[in-house]
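A short write-up of the structure that comes next.
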Amino acid sequence: MRRLLPFLLPLLALAQAPYRVEGEVRYRGFYPLGSWEGRNPTARGEVFWNGEQASGRVCLEQAAWDSGVAERDRKALEILKAREHPQACLYPQRARYEGSRFVVEGELEMAGRRLPVRLQGELLGPPERGRFRGGFRIRFSDWGLERPRFLFLEVRDEVEVFLEAEVRR
């Protein structure tokens, strides 16, 4: 066993090395006459993954949301309580392939709350230098958040969230 130890230590260190994650988050909200999107290019973090279990976090700066309409963005930051909670963070707990899909389960912390989330998508390329594209849906009501209004019409409760990120060792 002592002879194997020098060979096993580098492998164990590699297995625990973090994956750097950098990317963009987009959301799509819906109202009775259509939809709109916003984007945030500040998603950054580190994730540890052993093929099933995951840990770490990927955060974004709430103030960086941009839908192309300043008043809508101002209201969104108010609804998200961005002044009190300037970051939203994903804390992965599990990540695995399910057939051709790559699934990340964990918790999302936003607006002072932390709730379970499940991202489904694809991991293109090897995990050491790949690209993740996936998404999930959230509801304003699950987070206890006010639903915004658009032209005096209340937006739909559900919002689609997409993440596209480079993953590097």
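The values are calculated or read from the model by the stated rules, or taken from the named source; none is laboratory data. The model shown is predicted, which means the values in this text are computed figures rather than measured ones. Cβ sites come from the backbone with ideal geometry, for glycine too, and all protein chains shown count toward neighbours. Accessible surface areas use protein heavy atoms only, side chains included; no ligands, DNA or RNA. Shrake-Rupley method; radii C 1.70, N 1.55, O 1.52, S 1.80 Å.
Any idea how many residues of region 112-129 are crowded, with 17+ Cβ neighbours inside 10 Å, in contact with a Lys or Arg (Cβ under 6 Å, 6 or more places away or on another chain) and hydrophobic (A, V, I, L, M, F, W, C)? Residues meeting the conditions: 0. Applying a threshold of 8 Å to beta carbon distances and a minimum spacing of six or more residues, or different chains, the list of pairs starting in region 123-137 at a residue that is under 15 Å from residue 101 (Cβ atoms) and ending at one that is polar (S, T, N, Q) and open to solvent by 50 Å² or more (accessible area, probe 1.4 Å) reads 134/120; 135/120; 136/120.
Total residues in region 88-110 satisfying the condition of being surrounded by fewer than 17 Cβ atoms within 10 Å (Cβ to Cβ) and either of a type outside the set (Val, Ile, Thr) or in contact with a Ser or Thr (Cβ under 7 Å, 6 or more places away or on another chain) (or both): the figure is 10.
Of all the numbered requirements in (1) open to solvent by 50 Å² or more (accessible area, probe 1.4 Å); (2) not in a strand (DSSP E or B), residue 133 misses one, and that requirement is (2). You will find that of 71, 105, 98, the residue that is of a type in the set (D, E, K, R) and farther than 21 Å from residue 137 by Cβ is 71 and no other. Scanning region 135-150 for residues that are closer than 20 Å to residue 77 by Cβ and either of a type outside the set (Val, Ile, Thr) or over 21 Å from the mean Cα position of the chain (by Cα) (or both) yields 139, 140, 141, 142, 143, 144, 145, 146, 147, 148, 149, 150. Summed over region 146-169, the residues that are open to solvent by 70 Å² or more (accessible area, probe 1.4 Å), assigned to a strand (DSSP E or B), closer than 13 Å to residue 35 by Cα and not acidic (Asp, Glu) give a count of 1. Only one entry of 74, 118, 101, 113 meets the criterion of being among the charged types (D, E, K, R) and touching a helix residue (DSSP H, G or I) at 6+ places or on another chain (Cβ under 8 Å), and that entry is 113.
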